[in-house]
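**Student:** After the structure tokens below, expect a handful of questions from me.
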Amino acid sequence: MASLGERIRKLRKERGLTLQALAGEELSKGMLSLIENNKANPSMESLAYIAKQLNIHINELLEEVSPSELREVLQEVENIYLKITDDMTSGFKKIVELVTPFIDQLPYRYESARLLEIYSRCLYYMKEDGWQKHLEQAEEMYEGLHLMNNSADIQLFRAMLKFNDHQYEESLKMLKHSRKVFDERGIILDSLKKLDFDFSEAILHMAIAEDEDALNIIEDAINYSKEHQIFYKIDALYRVTAFHSILNNDEERKNYYIDKLRVFADFTEDPKIDIVLDLLEAHYLNSFKHDFEGALKLIDKNMKKYNDEETSQFYIEKGKALYGMGKLDEALPWLEKHRLWEFMHHPYDLLMNYEKDAYLALIYEEQGRHELAMKHAEIAKNNADPMPDLPYKKFIMNVYNEITSK
């Protein structure tokens, strides 16, 4: 953290001023040099003069963390935070190291609140204690500065933490309470934040099997997006609706939304959307149409075109397709290779992935490895027990009953 003298020197050099030019007529070059090297303490009159010469407010010099220094740190932190994808722990750790020296001396500004917010989120993801205190500080600053969209983002984050812990009803209750409070206070969130809340509320309704409420919210959100020409979250809204159609075996509706997503993928030139859509289609062919050869063809096309990281969620579908074709020995390594992504928390996603152990149980039983089959049948059953009654849960329970009855 820069000292007063270091801040003056930095600002002087940024403006291309010599010591003599900054000293002007009211300070000597020697005295300014002593101040910059922290060997002399300037009077308030001298500081006001230096600030005037630098064309800044005196607070820029007086605050322990100057606004310019704060903006620089925030910009660096934001750049790291936005790029956190693969090596998440390394990115979170780097941000914590950057912010920690400032954490107890942050002035009452937007930049401070944003740094506290990102800092607390990083601590949470690193499973470190104390993140709640910093999140509360950030929220207090946002509220005091009347930055209600930022405050809403924190409340949404808190609600979705309950979602991550599979406390779906509590999560929905918190989210709806936040929206009610904003309405009562006459606070209108911006369009993007409104769509964030809409999407989160919809998937939470689906998590507790309140599908009609979820679909009504999604329809309203899609109409709102069309009316305001906003494409934010539109792919996620279409994807959820397409998947809901798959669960209800509504092929016409499923195709309608997948076609819309294909057009959106072309428009945005985002290959990840195409990968997700092919994964959905392969899942539909495997689990609902039992067209295992068609599913395998689609899976292999993607696994040939993209790298392992981008297509790792195809492993379970490839194992299911090969199992359905009677190729048990070929199916086994793909199912064993499959891993549940850490950020998956919705019952739909979880139950789809929990099927892996049910398929492993079936294969091990066919191979005469009954104890191993029992082990995986129990894993699948225990995982599925607290989940809603979806087709995947029924399949898992049927497999468990089949294996344990032998």
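The values are calculated or read from the model by the stated rules, or taken from the named source; none is laboratory data. Source: prediction; values computed, not measured. Glycine gets a Cβ as well: all are built from the backbone with ideal geometry, and neighbour counts include every protein chain shown. Heavy atoms of the whole protein, side chains included, go into the accessibility calculation; ligands, DNA and RNA do not. Shrake-Rupley method; radii C 1.70, N 1.55, O 1.52, S 1.80 Å.
**Student:** Would you mind working out the accessible area per residue for the range 260-406, using a 1.4 Å probe, and quoting it in Å²?
**Tutor:** That works out to 51 Å² per residue.
**Student:** To make sure I understand the rule: partners must be aspartates and glutamates, Cα under 12 Å from the Cα of residue 375, and not fewer than 8 residues away in the same chain. Which ones qualify?
**Tutor:** In chain and number order, the partners are 357, 365.
**Student:** Further question on the same structure: Relative contact order for the range 1-130: what percent, with Cα pairs under 8 Å and sequence separation of 6 or more? Intermediate results must be reported in sequence, preceding the final value.
**Tutor:** Details: 103 pairs, mean separation 27.2, N = 130.
Result for the range 1-130 is 21 percent.
**Student:** Ignoring ligands, DNA and RNA, what percent of the 1.4 Å accessible area of the range 356-406 is carbon and sulfur?
**Tutor:** Using a 1.4 Å probe with all protein chains present, the range 356-406 comes out at 46 percent carbon and sulfur.
**Student:** Below 15 angstrom from the Cβ of residue 325, what's the summed charge of the other residues (Lys, Arg +1; Asp, Glu -1)?
**Tutor:** -2
**Student:** Semi-axes, largest first, in whole Å: what does sqrt of 5 times each Cα gyration tensor eigenvalue give for the chain?
**Tutor:** 55, 24, 20
**Student:** Cut-off under 12 Å on the C-alpha distance; same-chain residues fewer than 8 positions from residue 289 excluded. Which aspartates and glutamates are left, in chain and number order?
**Tutor:** Hits, sequence-local ones excluded: 250, 251, 281.
**Student:** Per residue, how many Å² of accessible area does the range 28-169 show with a 1.4 Å probe?
**Tutor:** 53
**Student:** While we're looking at this one, here's another question. Could you pull out every residue, at least 5 positions away or on a different chain, whose amide H is within less than 5 Å of the one on residue 387? Hs are placed 1.01 Å off N in the peptide plane, and Pro or chain starts have none.
**Tutor:** Amide H neighbours of residue 387: none.
**Student:** Sticking with this structure for a sec: Can you give the charge dipole size of the range 6-94 about its Cα centre, rounded to the nearest 20 debye, using +1 on the beta carbon of Lys and Arg and -1 on the beta carbon of Asp and Glu?
**Tutor:** Roughly 280 debye for the range 6-94.
**Student:** Rounded, prolate or oblate: which fits the range 128-226, taking a ≥ b ≥ c as square roots of the Cα gyration tensor eigenvalues, rounded meaning a/c under 1.5, else prolate when a/b beats b/c?
**Tutor:** Because a/c hits 1.5 or more and a/b fails to exceed b/c, the range 128-226 counts as oblate.
**Student:** Quick one: how many lysine pairs in the range 9-117 have C-alpha atoms under 17 angstrom apart, if they're 8 or more apart or on different chains?
**Tutor:** Taking the range 9-117 as the scope, the lysine pair count is 9.
**Student:** Let me ask you something else. Could you give the length gained by full extension between residue 226 and residue 378, i.e. 0.36 nm per residue of separation minus their alpha carbon distance, to one decimal place?
**Tutor:** That works out to 50.1 nm of additional length.
**Student:** Another question about this same structure. Please build a GNM for the chain, connecting alpha carbons under 10 Å apart, and tell me which residue among 300, 291, 104 fluctuates the most.
**Tutor:** It is 104.
**Student:** Considering all alpha-carbon pairs of the range 29-185, what whole percent are spaced by more than 18 angstrom? Write out the running numbers ahead of the final one.
**Tutor:** Details: 8244 of 12246 pairs.
Within the range 29-185, distances greater than 18 Å cover 67 percent of Cα pairs.
**Student:** Checking understanding here: applying a Kyte-Doolittle mean of at least -0.5 and a length along the axis of at least 18 Å (C-alpha), which whole DSSP H helices in the chain pass?
**Tutor:** Membrane-span-like by this rule: 67-82, 110-125, 148-164, 191-207, 234-247, 271-284, 347-366, 391-404.
**Student:** Mean-square fluctuation check for the chain, GNM, Cα pairs under 10 Å: which of 35, 118, 203 is largest?
**Tutor:** Result: 35 has the largest fluctuation of those listed.
**Student:** Let me spell out the model: positive unit charges on the Cβ of Lys and Arg, negative unit charges on the Cβ of Asp and Glu, origin at the Cα centre of the range 281-406. What dipole size does that give, in debye rounded to 20?
**Tutor:** For the range 281-406, the charge dipole is close to 180 debye.
**Student:** Largest first and in whole Å, give the semi-axes of the range 259-302's equivalent ellipsoid, each being the square root of 5 times a Cα gyration tensor eigenvalue.
**Tutor:** Output for the range 259-302: semi-axes of 22, 10, 6 Å.
**Student:** Right, here's the next one. Over the range 263-406, what is the relative contact order in percent, taking alpha-carbon pairs closer than 8 angstrom and at least six residues apart?
**Tutor:** 15
**Student:** Separate question: Leaving ligands, DNA and RNA out of it, rank 240, 399 by accessible area with a 1.4 Å probe, largest first.
**Tutor:** Largest accessible area first, the residues go 240, 399.
**Student:** If a/c stays under 1.5 just call it rounded; otherwise compare a/b with b/c (prolate if a/b is bigger, oblate if not). Do that for the range 285-377, with a ≥ b ≥ c from the square roots of the Cα gyration tensor eigenvalues.
**Tutor:** Note, shape of the range 285-377 comes out oblate.
**Student:** Once you order the gyration tensor axes a ≥ b ≥ c over the Cα atoms, which shape class does the range 1-70 get: rounded for a/c under 1.5, otherwise prolate or oblate by comparing a/b with b/c? Present the calculation step by step, with values, prior to reporting the outcome.
**Tutor:** Details: a/c = 1.42, a/b = 1.33, b/c = 1.07.
Taking the square roots of the gyration eigenvalues as a ≥ b ≥ c, the range 1-70 is rounded.
**Student:** What spacing in nm lies between the two simple spin-label points modelled at residue 75 and residue 367, each 7 Å away from Cα in the Cβ direction?
**Tutor:** With each label placed 7 Å out from Cα toward Cβ, I get 5.7 nm.
**Student:** Most mobile of 102, 163, 197 per a Gaussian network model of the chain (Cα springs, under 10 Å)?
**Tutor:** 102
**Student:** Let me ask something else. Identify, among 50, 81, 150, the residue whose Cα sits farthest towards the positive end of the charge dipole of the range 37-155, taking +1 on the Cβ of Lys and Arg and -1 on the Cβ of Asp and Glu, with the dipole about the Cα centre.
**Tutor:** So the residue we want is 50.
**Student:** Now for a separate question. Only Cα pairs under 8 Å and at least 6 apart count here; give the relative contact order of the chain as a rounded whole percent.
**Tutor:** Here the relative contact order equals 7 percent.
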